[in-house]
Structure formats: structure tokens, C-alpha cells
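Undergrad: First the structure, then my questions, so here it is.
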Amino acid sequence: MNHIFDLLINDRKFLFSVLSFFFLFLFFFFYIIQYFYVSYHLKGMCKVIFNEEKYFKVPLEPFNFFFVSVLPIVFWREVLNIKKEVKFKKLYGKDFYYPVDKYKLNKMLAKYKIFFYLQYLIYFFVMLWGVFMIVALILD
């Protein structure tokens, strides 16, 4: 056990590699949690986004889950506009995503806050994984 602590203290490459894999583990862990969260609240989310509860059915196909799960990232400017009143030139004009207006997004933010937090955590952890892995590779 002391050998591992010595490696963590003395070998920077090993330290950054361990940290990067820790963040990769957190990414997968929260991604699985998000899948269960979305599956549990799927009817309500579909009712808000599509005005139809049965638009998707559980179990979600991987692409459908991914497409539903990226809503917080696709509408990050709109969320900042709602929460912090940050002004952007073009809002809600996403041609590549489902039509979501301010009312629907407000409803999603009110009913499914954890969904947004989980998605932002997932992207934060995957960015940290990438940074620490690049640093570990550079230290080689």
C-alpha cells in the first residue's frame, strides 16, 4: 500500500493517469445514473417536450437516450438567459433539435432540475478526464 502512495507522490504521470481514470469512472457512473433518471421520468419529459407521453418508450434505444439527454447542453444559452438573464443574439432557433420554446424549457427546469445538473456534471467530468489524460501523456 505504501508503494502506491509513493508512486502517487513521486510519479506525476501516474498521478495524472489515476486522476484521469477517476474522472472517466465518474463520467460513466453519472451517465448510468442519468439513464435511469431519464427512463424513470420519460413520460413527463416527453409530455413537456413533445406534448405526447408515449413519444418514446422504455427501454430507450441508445440514440434516443442520447438525443433526449443532450437537451441541457443544446440549450445552455437559453438556460443562462432564463437563470442569469445573460443576453444572446439568437435563442431557441435550433434546427437540428426538437422544437423547444421558453415555456417548455422553464417547465423542464422547474420539474427536472436534477436532469440538468447530471448532464452538466457528465460533461464536466469528461472534460476533466481529457485534460488529465493529455497532461499524463505530455509528461511521458
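Undergrad: Test F23 against the stated conditions and say whether it is of a type in the set (A, V, I, L, M, F, W, C), under 21 Å from K113 (Cβ atoms), within 16 Å of the chain's Cα centre (by Cα) and not in a loop (DSSP other than H, G, I, E, B).
TA: Criteria not met by F23.
Undergrad: In addition: For segment 69-86, how many residues are of a type in the set (D, E) and either surrounded by 17 or more Cβ atoms within 10 Å (Cβ to Cβ) or within 23 Å of F30 (Cα to Cα) (or both)? Let's see the steps before the verdict.
TA: First, pick out the residues of segment 69-86 that are of a type in the set (D, E): 78, 85.
With the extra rule that they be either surrounded by 17 or more Cβ atoms within 10 Å (Cβ to Cβ) or within 23 Å of F30 (Cα to Cα) (or both), the set shrinks to 78.
Result for segment 69-86: 1.
Undergrad: Now, a different point. Give the residues of segment 17-42 that are of a type outside the set (A, V, I, L, M, F, W, C) and over 24 Å from P99 (Cα atoms), sorted by residue number. Full working, then the answer.
TA: Here is the first cut: in segment 17-42, the ones of a type outside the set (A, V, I, L, M, F, W, C) are 17, 20, 31, 34-35, 37, 39-41.
Within segment 17-42, S17, S20, Y31 qualify.
Undergrad: Continuing with this model, one more query. Look at L7 and say whether it is within 30 Å of A136 (Cα to Cα), without any contact (Cβ under 8 Å) to a residue 40 or more places away in the chain and either acidic (D, E) or assigned to a helix (DSSP H, G or I) (or both).
TA: Numbers: within 30 Å of A136 (Cα to Cα): yes; without any contact (Cβ under 8 Å) to a residue 40 or more places away in the chain: yes; either acidic (D, E) or assigned to a helix (DSSP H, G or I) (or both): yes.
Considered against the rule, which asks whether it is within 30 Å of A136 (Cα to Cα), without any contact (Cβ under 8 Å) to a residue 40 or more places away in the chain and either acidic (D, E) or assigned to a helix (DSSP H, G or I) (or both), L7 comes out as yes.
Undergrad: Would you be able to tell me the number of residues in segment 116-127 that are surrounded by 13 or more Cβ atoms within 10 Å (Cβ to Cβ) and without any contact (Cβ under 8 Å) to a residue 24 or more places away in the chain?
TA: Step one: list which residues in segment 116-127 are surrounded by 13 or more Cβ atoms within 10 Å (Cβ to Cβ), which gives 116-126.
From what is left, the residues that are without any contact (Cβ under 8 Å) to a residue 24 or more places away in the chain are 117, 124.
Result for segment 116-127: 2.
Undergrad: Among what's in segment 43-63 and is over 16 Å from V100 (Cβ atoms), without any contact (Cβ under 8 Å) to a residue 24 or more places away in the chain and of a type outside the set (K, R), pick the residue that is surrounded by the most Cβ atoms within 10 Å (Cβ to Cβ).
TA: Of segment 43-63, the ones over 16 Å from V100 (Cβ atoms) are 43, 53-54, 57-63.
Within this subset, residues satisfying the condition of being without any contact (Cβ under 8 Å) to a residue 24 or more places away in the chain are 43, 53-54, 57-59, 61-63.
Checking which are of a type outside the set (K, R) leaves us with 53, 58-59, 61-63.
Working: E53: 14, V58: 10, P59: 11, E61: 10, P62: 9, F63: 8.
Once the filter is applied, the top-ranked residue is E53.
Undergrad: Residues K89, K102, K113: which one is modelled with pLDDT under 90, exposed (fewer than 14 other Cβ atoms within 10 Å of the Cβ), over 15 Å from F50 (Cα atoms) and of a type in the set (D, E, K, R)? Spell out how you get there, then give the answer.
TA: Working: K102 fails: over 15 Å from F50 (Cα atoms); K113 fails: modelled with pLDDT under 90.
The unique qualifying residue is K89.
Undergrad: Working only within segment 128-140, note down all residues that are among the small types (G, A, S), touching a Phe, Trp or Tyr at 6+ places or on another chain (Cβ under 8 Å) and loosely packed, with under 15 Cβ neighbours inside 10 Å. Talk me through it step by step, then tell me what you get.
TA: Looking only at segment 128-140, we keep the residues that are among the small types (G, A, S), and these are 130, 136.
Next cut, touching a Phe, Trp or Tyr at 6+ places or on another chain (Cβ under 8 Å) only: 136.
Passing the criteria: none in range.
Undergrad: Please go through segment 1-42 and give me each residue that is polar (S, T, N, Q), surrounded by fewer than 18 Cβ atoms within 10 Å (Cβ to Cβ) and under 26 Å from V68 (Cα atoms), ordered by number.
TA: Residue satisfying the conditions is S39 alone.
The values are calculated or read from the model by the stated rules, or taken from the named source; none is laboratory data. Computed from a prediction, not measured in an experiment: that's the story for all the values here. Don't worry about glycine lacking a Cβ; one is built from the backbone with ideal geometry, like all the others, and counts go over all protein chains shown.
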